[in-house]
Each structure stands twice: as C-alpha cells, then as structure tokens.
Amino acid sequence: MYGGKSPQELLSGSFSKTWLHDKWAPLVGGAFGFLGACYVNYGTGRPAFSGIQKHIAAMLAVGAAATMVDKWRNAYFAEKDATLRHYIELHPEDFPTPERKKYADVLEYWQPIR
C-alpha cells in the first residue's frame, strides 16, 4: 500500500519543506504568548491590552521556547529515523518491499441492506 517503495526509500528523507515550515513554531508560540498575557489580564480584572510590554515579552519568550522545542523535536526524529534506517540496512530480510494491491483486491463485496 506504499506505492511500491521499499522501506529504505520511505525513510530516505526526500521530502520538500513548505515555506511555512520554519515559521510555524514561532508564530504559534507568539500567538499563545500574546493570548496568555491577555488571559492573565482578564483573570486579574484588568483591560485585555493593559501592560503591553508584558504581551510583547510573553510573545518573545513563548515564541523562542516554541522554536527551541521545534528544533529539539526535529533533532529527535532525525536521530530516530537514522536509527531505523541503520536497522533496515543491517536486516533487509525483515523488511521486504510490499506488493501493490488494488482496492478491488482489498475491499470485500458490499450489498446494502434496506
């Protein structure tokens, strides 16, 4: 069901990143930081945008933290993929290339009951 690709080809890492890939974590982190500062102001009975310096500081801090977590996550998955790729290279007999199947071979006959 993998389009006839071998497991080694699936883990080759040959995918293209979108233009939003490296901007997503800081944008979402900054938005959560800003909204978190608004929520704190709401919880303490202040106007939502009072103390705008806290909003800016929260945006920068949470955006930087989100960027660091994203970089850690990418490094973790790169190491995990490298480990899997190495294991597949050492044991190719455990990972045969799956045969391609048509939907007609997989799905069973269905007759509606009315």
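The values are calculated or read from the model by the stated rules, or taken from the named source; none is laboratory data. Here the structure is a predicted model, which is why all the values come from computation and not from measurement. All Cβ positions, even for glycine, are placed from backbone atoms using ideal geometry, and neighbour counts span all protein chains on display. Surface areas here come from the heavy atoms of the whole protein model, side chains and all, with no ligands, DNA or RNA. Shrake-Rupley method; radii C 1.70, N 1.55, O 1.52, S 1.80 Å.
Can you pull out the GluC sites (Glu not before Pro) in the range 26-114 that DSSP calls coil and that have at most 13 other Cβ atoms within 10 Å? Walk me through the numbers on the way to the answer.
Numbers: sites: E79, E89, E93, E99, E108; in loops: E99, E108.
Within the range 26-114, the qualifying GluC sites (Glu not before Pro) (loop, at most 13 other Cβ atoms within 10 Å) are E99, E108.
Could you work out the relative contact order of the range 21-94? I mean the mean sequence separation of Cα pairs under 8 Å and 6+ apart, divided by the number of residues, in percent.
Details: 54 pairs, mean separation 26.5, N = 74.
Normalised by residue count, the contact order of the range 21-94 is 36 percent.
Loop by DSSP (not H, G, I, E, B), at most 12 other beta-carbon atoms within 10 Å: where is the longest site-free stretch of the chain for chymotrypsin sites (Phe, Trp or Tyr not before Pro)? Walk me through the numbers on the way to the answer.
Numbers: sites that count: Y2, F15, W19, F49, Y109, W110.
My reading of the result: 50-108 is the longest stretch.
At 222 nm, what helix-only mean residue ellipticity would the chain give, in deg cm²/dmol to the nearest 500, using -39500 (n - 2.57) for each DSSP H run of four or more?
Values: 4 runs with 67 residues, N = 114.
Here the helix-only value at 222 nm equals -19500 deg cm²/dmol.
Rounded, prolate or oblate: which fits the chain, taking a ≥ b ≥ c as square roots of the Cα gyration tensor eigenvalues, rounded meaning a/c under 1.5, else prolate when a/b beats b/c? It would help to have the intermediate numbers written out before the result.
Numbers: a/c = 4.23, a/b = 1.89, b/c = 2.24.
Oblate, since a/c reaches 1.5 and b/c is not below a/b.
Please calculate how many Å² of accessible area the chain carries per residue, with a 1.4 Å probe and no DNA, RNA or ligand atoms counted. Don't jump to the answer; show the numbers that get you there.
On the way: 9810 Å² over 114 residues.
Ligands and nucleic acids excluded, the figure is 86 Å² per residue.
With +1 on each Lys and Arg Cβ and -1 on each Asp and Glu Cβ, how big is the dipole of the chain about its Cα centre, in debye rounded to the nearest 20?
Working: 13 positive and 11 negative charges, 138 e Å.
The dipole magnitude comes to about 660 debye.
Between E79 and I52, what is the label-to-label distance in nm when each label sits 7 Å out along the Cα-to-Cβ direction?
Label at E79, label at I52, 4.3 nm between them.
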